[in-house]
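Reviewing the structure listed below.
The values are calculated or read from the model by the stated rules, or taken from the named source; none is laboratory data. No experiment lies behind these values; they were computed from the predicted model shown. Ideal geometry is used to build each Cβ from the backbone, glycine not excepted, and the neighbour counts take in all protein chains shown. Just so you know, the surface numbers come from the protein's heavy atoms only, side chains and all, with ligands and any DNA or RNA stripped out. Shrake-Rupley method; radii C 1.70, N 1.55, O 1.52, S 1.80 Å.
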Amino acid sequence: MTSRIERTATYAILALFAVLALTPVIGILSTAFSSPNSVGGGFALPDTLHWSNFQQAWQRGHFGTYLGNSVLVTLVVVTASTVLSILAAYAFGTMRFRGSTLLFYLFVLGLTLPQEALVVPLYFDLRYFHLTDTYWALILPQTAQSLAFGVFWMRTYFMNSTRSVIEAARVDGANTWTTLWRILVPMGRPAITTLIVITFMWTWNEFLMALVMISDESLRTVPLGLAFFQGQQSADTTLLAAASALIALPVVVVYVALQRKFIEGMLSGAVKE
């Protein structure tokens, strides 16, 4: 039974981490609503909420164009990586074939390689195939990067699926394809939703890959719009904070919309292995 002291200590630790997590967010929002002429910003509460900062940030950061590019790239990456992760993880989690363990660890190896070490050789490879300055230069690498985590995540779900359900489906005549899409995928909605939210967040916030692969103004994504607020000697802090809030807003909306399934997926044993 949890004692009063233990409960108090638990709440104190949770409150401490909540403050640490929310402090940067409050600082960004406070700066975003400050007067454009203010020097302080940060945690100083603004006298008036300057909503015009967001309008200026939207126009100056070319978000009207960049937003469409980000939406297109993110939708394709999330859809492709989710479908491919489910298919590959289903094979690794429920089937036994020669070389399956080695192939799986090759996928997991992708989780250990830092993007900074891959981006330069990847740039020359894509340039050889004339894919730089195209949407494919963003979609293909990010789909491959997301697959490493997606296969690992979904394989664990399939390995921990109830065997009796799968065997019952096969006794009733369901083939491998039917068992996957009509039984295991509907049962795994929390794990799949968690995968979608994480992949969406990674893809939407991707900066380095877009910076290296794209030089065409019309193909840039929203994180690159932040560069318009950073000069060589100074930065427009107020508009930079407003632009950061605009970029983070879609991620917050997606998380709030799917938070129940996301938390359920995190807690339902998707990482029991």
Got a sec? What order do Trp153, Trp58, Trp136, Trp51 fall in by accessible area at 1.4 Å, biggest, i.e. largest, first? Trp51, Trp136, Trp58, Trp153
Where the only charges are on Cβ atoms (+1 Lys, Arg; -1 Asp, Glu), what is the dipole of region 96-225 about its Cα centre, to the nearest 20 debye? 700 debye
Cβ-derived FRET efficiency at R0 51 Å, Leu16 paired with Leu87, nearest 0.05: 0.75
Treating only the Cβ atoms of Lys and Arg (+1) and Asp and Glu (-1) as charged, compute the dipole magnitude of region 36-173 about its Cα centre; round to the nearest 20 debye. 420 debye
Report the full-extension gain for the segment Gln115 to Ala227: residue separation times 0.36 nm, less the Cα-Cα distance, to one decimal in nm. 38.3 nm
Can you show me the helix-derived [θ] at 222 nm for the chain, built from DSSP H runs with n ≥ 4 at -39,500 (n - 2.57) apiece and divided by the number of residues, rounded to the nearest 500. -23000 deg cm²/dmol
Of every hundred units of 1.4 Å-probe accessible area on the chain, the number belonging to carbon and sulfur atoms, as a percent, is 67 percent
Förster-model FRET efficiency, 22 Å R0, Glu217 and Leu29, C-beta, rounded to 0.05: 0.15
How many Å² of accessible area per residue for region 147-273, probe 1.4 Å? 51 Å²
What distance in nm lies between label points placed 7 Å from Cα along the C-beta direction at Arg4 and Asp125? 6.2 nm
With semi-axes √(5λ) of the Cα gyration tensor in Å as the read-out, I listed (i) 39, 28, 16; (ii) 39, 37, 15; (iii) 41, 25, 16; which label goes with the value calculated from this structure? (i)
With +1 on the Cβ of every Lys and Arg and -1 on the Cβ of every Asp and Glu, and nothing else charged, how large is the dipole of the chain about its Cα centre, in debye rounded to the nearest 20? 960 debye
